[in-house]
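The values are calculated or read from the model by the stated rules, or taken from the named source; none is laboratory data. These numbers come from a predicted model, not from an experiment. Virtual Cβ from ideal backbone geometry, glycine too; neighbours counted across all protein chains shown.
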Amino acid sequence: MYCIRCTLALLAVASFIGAQVPYDLLLKGGHVIDTKNRINSVMDVAIAGGKIARVAANIPSSEAHRAVNVQGLTVAPGLIDIHVHVYQRPELKALERDSSVQPDAHTFREGVTTVVDAGTSGWRTFPDFRARVIDKAQTRVLALLNISGAGMGTGREDELTELEASAAARTATANRGIVVGFKTAHFGGPGWESIEAAVTAGKQADMPVMVDFGYLNQIRNLSTLLLDKLRPGDIYTHCYSGHREELVDGKVNPAMVAARKRGVIFDLGFGAGSFYWYVAAPAMQQGFPPDSISTDLHTGSMNAGMKSMTNSMSSILNLGAKWEDVIAMSTWNAAKEIKQLALGNLDVGAEADVAVLGLERGDFGFLDSAGAANRGSQRILCELTLRKGRVVWDRNGRAAADWKAFPYDRKKWTK
Ligand SMILES: [Zn+2]
């Protein structure tokens, strides 16, 4: 028999406690850098129901079920890597000519919560990419559709019959919010067909184009691309590659400076062969930083100089970029470039994708795509990553209970 008065009293106590614990998780004492909201100071970040609930100084730990001490660390929006390759094509036999990787295997340990596949699939292969990877991954996976219908690595990026702008635009429009633009890459044909088709699709779907400029020839030069062919908001990736006259007589190509003035975006796209100190160092010195930092993640780059998102960010940081600018390049700038303004910030109500990053001090070496080293005194390490408010990476067990107090489920596994 329950005493009704006791039950009511208990309910009242329970609702009182409930009212006192409004948050699921509290990141306490970190230095918040939220470029969009112009926050660059010590703040607490409270999370409830998978969303950012409050960003303020001194939120009491008693208001959260779990408070995590992140003093001495930077709390940023989940990182956005706008150039990766995460679509393994089904027609290929295992490992044959396929350098794409599984997104969840690389992202959270690096603070990355959103990746943009840069043209591995085209409009013909996108439905398979969506069904097998995008809809299954825990990482938010977005896509730039290759303007070649067959996609990348098929040997068909040069085939003019594969450049179907309207078909690409239709697929992009039908998948708006997941497809965020178009990619043209590795084009070795004589003219501008691939770039023009991508821009046409971009106009039809009202989405940006990312360009890997492929091979130069008599007709195709950087200045015509950046000043005539691309629209403001289109993205030039591999900006420090040096393969396409990004540096002329030791100076940043004046066409790049002029293009930035007219709104063309410059993205890092580190990759396996697109980042060299002899381009990056003078460019940074001459005041030409990248707008966004992306990895061009694939099996080639991750085992070479690029390594990872935080290593790519460290490479730019050690060339003299300010820490808050490196965060901006990896969060809010990237979100704006792909026109996904709900991402890359810590707005109240935003999905709680958060990266907690540490800066190690010491003597470190960073490699470029040729294998040349640059010494640096700071290295970024990802301590903790949240995706939709859930802890998905915890390098030091900061968010975890000690094992002696842990409520283990001691079920025996016998059959
Ligand atoms: Zn790429």
- prompt: Of all residues in region 300-320, which are more than 17 Å from the chain's Cα centre (by Cα) and farther than 23 Å from Gly362 by Cα?
  reply: Gly300
query: Is there a residue in region 240-262 that is surrounded by fewer than 24 Cβ atoms within 10 Å (Cβ to Cβ), touching a residue at least 12 places away in the same chain (Cβ under 8 Å), closer than 24 Å to Gly122 by Cβ and more than 16 Å from the ligand (Cβ to nearest atom)?
result: no
query: Ile147 is checked against (1) in contact with a helix residue (DSSP H, G or I) (Cβ under 7 Å, 6 or more places away or on another chain); (2) more than 30 Å from Arg395 (Cα to Cα); (3) away from the ligand (no atom under 16 Å from the Cβ) and fails just one. What number does that condition carry?
result: (3)
query: Can you name the residue in region 174-189 that is within 16 Å of the ligand (Cβ to nearest atom) and part of a loop (DSSP other than H, G, I, E, B) and, of all such residues, is surrounded by the most Cβ atoms within 10 Å (Cβ to Cβ)?
result: Phe187
- line: Filtering region 95-113 for residues that are away from the ligand (no atom under 16 Å from the Cβ) and within 20 Å of Lys339 (Cα to Cα) leaves a count of 1
- prompt: From the residues in region 114-135 that are outside any helix (DSSP H, G or I) and under 15 Å from Val101 (Cα atoms), which one is nearest to the ligand (Cβ to nearest atom)?
  reply: Ala118
message: Tell me which strands (runs of 3 or more DSSP E) are completely within region 39-97 and hold 3 or more residues being farther than 17 Å from Ala399 by Cα and at pLDDT 95 or above, or say none if there are none.
response: 39-48, 51-56, 79-84
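Taking Ala57 as the residue in question, decide whether it is more than 16 Å from the ligand (Cβ to nearest atom), loosely packed, with under 15 Cβ neighbours inside 10 Å and of a type in the set (A, V, I, L, M, F, W, C).
Taking the combined requirement at face value, the residue satisfies it.
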statement: Given the conditions (1) closer than 23 Å to Arg140 by Cβ; (2) in a helix (DSSP H, G or I), every one holds for Val199 apart from (1)
task: Find the residue count for region 154-173, including only residues that are free of Cβ contacts under 8 Å to residues at least 40 places away in the same chain, part of a helix (DSSP H, G or I), surrounded by fewer than 19 Cβ atoms within 10 Å (Cβ to Cβ) and more than 23 Å from the chain's Cα centre (by Cα).
output: 3
message: Could you check region 202-220 and list, in sequence order, the residues that are surrounded by 16 or more Cβ atoms within 10 Å (Cβ to Cβ), of a type outside the set (D, E, K, R) and assigned to a loop (DSSP other than H, G, I, E, B)?
response: Met207, Pro208, Phe213, Gly214
task: Could you pull out the residue among Ser308, Ser223, Ser314, Ser274 that is touching a residue at least 60 places away in the same chain (Cβ under 8 Å) and more than 16 Å from the ligand (Cβ to nearest atom)?
output: Ser314
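Keeping to region 61-78, report how many residues are loosely packed, with under 13 Cβ neighbours inside 10 Å and either farther than 27 Å from Asp325 by Cβ or touching a helix residue (DSSP H, G or I) at 6+ places or on another chain (Cβ under 6 Å) (or both). I'd like the intermediate steps shown before the answer.
Here is the first cut: in region 61-78, the ones loosely packed, with under 13 Cβ neighbours inside 10 Å are 62, 65, 71-72.
Next, from what is left, pick out any that are either farther than 27 Å from Asp325 by Cβ or touching a helix residue (DSSP H, G or I) at 6+ places or on another chain (Cβ under 6 Å) (or both): 62, 65.
Here the count works out to 2.
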